[in-house]
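The values are calculated or read from the model by the stated rules, or taken from the named source; none is laboratory data. Remember, it's a predicted structure, so these values are computed and weren't measured experimentally. Ideal geometry is used to build each Cβ from the backbone, glycine not excepted, and the neighbour counts take in all protein chains shown. Calculation scope for accessible area: heavy atoms of the full protein, side chains included, ligands and nucleic acids excluded. Shrake-Rupley method; radii C 1.70, N 1.55, O 1.52, S 1.80 Å.
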Amino acid sequence: MSRCADAVELFLNKMLTAPKGMESTVFEAMRYSSLGGGKRIRPFLVQECARLFGISDCRAIRAGAAVELIHCYSLIHDDLPAMDNDDFRRGKLACHIAFDEATAVLAGDGLLTLAFEVLGHKDTHPDGNVRSDLIYSLSQAAGARGMVGGQMIDLMAEKLDADISLISRIQRLKTGALISYACEAGAILGKATDEQKKSLRLYSDDVGLAFQIKDDLLDMLGKAEDVGKATRKDADAGKATFVGLLGVREAQQRAEALCKQAISQLEMFDEKASNLRRIARFAIERQT
C-alpha cells in the first residue's frame, strides 16, 4: 500500500504542476489538499482489483489517482463551514483555513474535474469503451446517486431521529460508494465477468461499511494527534453514528463481522486476492 501511495503521489504531483499566472493560486490549494497525506486506500483497491485480471500497475495507478482526486475534493468541501466545519484535515489546517472559503470551493471543483480528465486520457486504457465505462461509473459513485447524495442525507439527518437503517444508507452512499467504485474500476480495466464484478461489489460494500464504523470508533475513542483532525465532534454535536446507536462494543463486533463477510466474498480469486483480504483487516484495525 505504501508503494502504491508513492506512485499515486508522483502522478498527482505531475498532474498538479501549477501554470504561471493568477490561476496558480487554485493549483496551490489543490496541491495542498491532495499531496503529502492520506492512506491512499482507494487507489490501492483499484490496483489490487486490477491485478486480479493482469492489468499493468501504470493503468491502475491512473484510475486510482482519479478516485483519490475525487476523495480529496470531497474532503475539502466536507470541511467547509457550511458542511462539517472542520479546522483540521490530515494533521494540518483545512483548505478553507489555509487559504479561504472561495479558493477551497474552487480547489475542490478543480480536483473533481481533473479526475475525469485523467480517466478520459488514452493512457488510462487504449479501449475507448473501457474509458467511457470508468467515467460513467465514477460519475454515478461520486454524484447525487452516490457520495453527494449521501452527504445531503447526512446533513438532513442532523434534524432527524436517525436509526441504524438510515445511518447505514448514509454511509453506503457517502463513504461506501467511492470505495465500491475503486474495486469496480479494477474490474472494468480488466473487463471482468459479471460474476467477478458481483463478487468484488459485495466485498467492497462490506469493506466500505466496516471502514465507516471504524471511523466512528476513532472519532469516539481516538486522539486528535493520531487521527489528524478533531475527535468527538459527532458526539458533541449530537450526530447519530454507528457507535452512538450501537455502543462501542457492538460497533466493534459489527465491524469485525463485516470484515469476515468481505473476505468470504473473495473465494473465487484464491491467493491472488491476498492483499484484498489484508485490506479488509486494515480497515478495522487502523488507528488513523
Could you work out [θ]222 nm for the chain from helices alone, using -39500 (n - 2.57) per DSSP H run of at least four and dividing by all its residues? Round to the nearest 500 deg cm²/dmol. -22000 deg cm²/dmol
What is the local net charge at residue 41, summed over the other residues whose Cβ is closer than 11 Å to its Cβ (Lys, Arg +1; Asp, Glu -1)? +2
Express the accessible area of the chain per residue in Å², computed with a 1.4 Å probe while the remaining protein chains stay in the model. 47 Å²
Residue 97 versus residue 245, label points 7 Å from Cα toward the beta carbon: distance in nm? 3.0 nm
Distribution output for region 29-78: share of Cα-Cα pairs per 10 Å bin in percent, first bin at 0, values 26, 50, 20, 4
With every protein chain in place, the chain: carbon and sulfur % of accessible area (1.4 Å): 52 percent
Mean separation of Cα contacts under 8 Å (6+ apart) over length of region 17-85, as relative contact order %: 25 percent
Label-zone membership for region 249-288, site residue 3, 7 angstrom Cα→C-beta point, backbone N under 17 Å: 272-279
How far apart, in nanometres, would the label points at residue 129 and residue 85 be if each is projected 7 angstrom from Cα along the Cα-to-Cβ direction? 5.1 nm
Using a 1.4 Å probe, how large is the accessible area of residue 195, given in Å² and rounded to the nearest 10? 130 Å²
Could you put 269, 99 in order of accessible surface area, largest first, with the 1.4 Å probe and the full protein assembly present? 99, 269
Note: residue 58 to residue 23 extended length (0.36 nm per residue) minus current alpha-carbon separation gives 9.7 nm
Taking every C-alpha to C-alpha distance in region 1-160 and binning by 10 Å from 0, the per-bin percentages run 10, 38, 36, 14, 2
At what distance in nm do the modelled label points of residue 221 and residue 113 sit from each other, each positioned 7 Å from its Cα along Cα→Cβ? 4.4 nm
Can you compute the FRET efficiency between residue 145 and residue 274 using 1/(1 + (r/R0)^6), with r the Cβ-Cβ distance and R0 = 30 Å? Round to the nearest 0.05. 0.40
Report the rotationally averaged projected area of region 93-207 based on its alpha-carbon convex hull, in square nanometres. 9.0 nm²
Keeping all protein chains in position, work out how much accessible area residue 175 exposes to a 1.4 Å probe, and write it in Å² to the nearest 10. 20 Å²
Test item: Cα-centred dipole of the chain, Lys/Arg +1 and Asp/Glu -1 on Cβ, debye: 660 debye
Mean projection of the alpha-carbon convex hull of region 136-178 over all orientations, in nm²? 2.5 nm²
Round to the nearest 10 and report in Å² the accessible area of residue 268, as given by a 1.4 Å probe over the protein chains' heavy atoms. 80 Å²
